[in-house]
1. Could you look through the range 1-12, keep only residues that are open to solvent by less than 70 Å² (accessible area, probe 1.4 Å) and of a type in the set (Ser, Thr, Tyr), and pick out the one that is modelled with the lowest pLDDT?
2. Scan LYS23, LYS6 and give me the residue that is closer than 23 Å to PHE79 by Cβ and among the charged types (D, E, K, R).
3. Checking the conditions here, which among VAL17, VAL75, VAL64, VAL27 is touching an Asp or Glu at 6+ places or on another chain (Cβ under 7 Å), in contact (Cβ under 8 Å) with a residue 12 or more places away in the chain and of a type in the set (A, V, I, L, M, F, W, C)?
Amino acid sequence: MSDTYKALSDPTRRRIVELLKQKDMTVSEITAHFNISQPSISQHLSILKNSQLIESYKEGKYVVYSLNLTVLQDVLGWFLTLLKKQGE
């Protein structure tokens, strides 16, 4: 879970997660939303992928990135258990 928190600690990676919440995207489509290079975006995508927050699949000659909701649900569930214990 620490990889997840580390991945989400960066504002660029949080923005990428927000974009992928809307729809699956290629690295070029994601890069179009930022003023940084495609290699920099690829590095952010690699960190998100290593933390299992996103997944990728091949579509023709493109790699498409998508949000992995399972990991986000696990993190949210963990936070909710903390809040529940505190509120008891």
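The values are calculated or read from the model by the stated rules, or taken from the named source; none is laboratory data. Since this is a predicted model, take the numbers as computed values, not measurements. Here the Cβ is made from the backbone with ideal geometry for all residues, glycine too, and neighbour counts use every protein chain on show. What goes into the accessible areas is simple: the full protein's heavy atoms, side chains included, and nothing from ligands, DNA or RNA. Shrake-Rupley method; radii C 1.70, N 1.55, O 1.52, S 1.80 Å.
1. THR4
2. Values: LYS23 fails: closer than 23 Å to PHE79 by Cβ.
LYS6 is the lone residue from the list that is closer than 23 Å to PHE79 by Cβ and among the charged types (D, E, K, R).
3. Details: VAL17 fails: touching an Asp or Glu at 6+ places or on another chain (Cβ under 7 Å); VAL75 fails: touching an Asp or Glu at 6+ places or on another chain (Cβ under 7 Å); VAL27 fails: touching an Asp or Glu at 6+ places or on another chain (Cβ under 7 Å).
When all the criteria are applied, what remains is VAL64.
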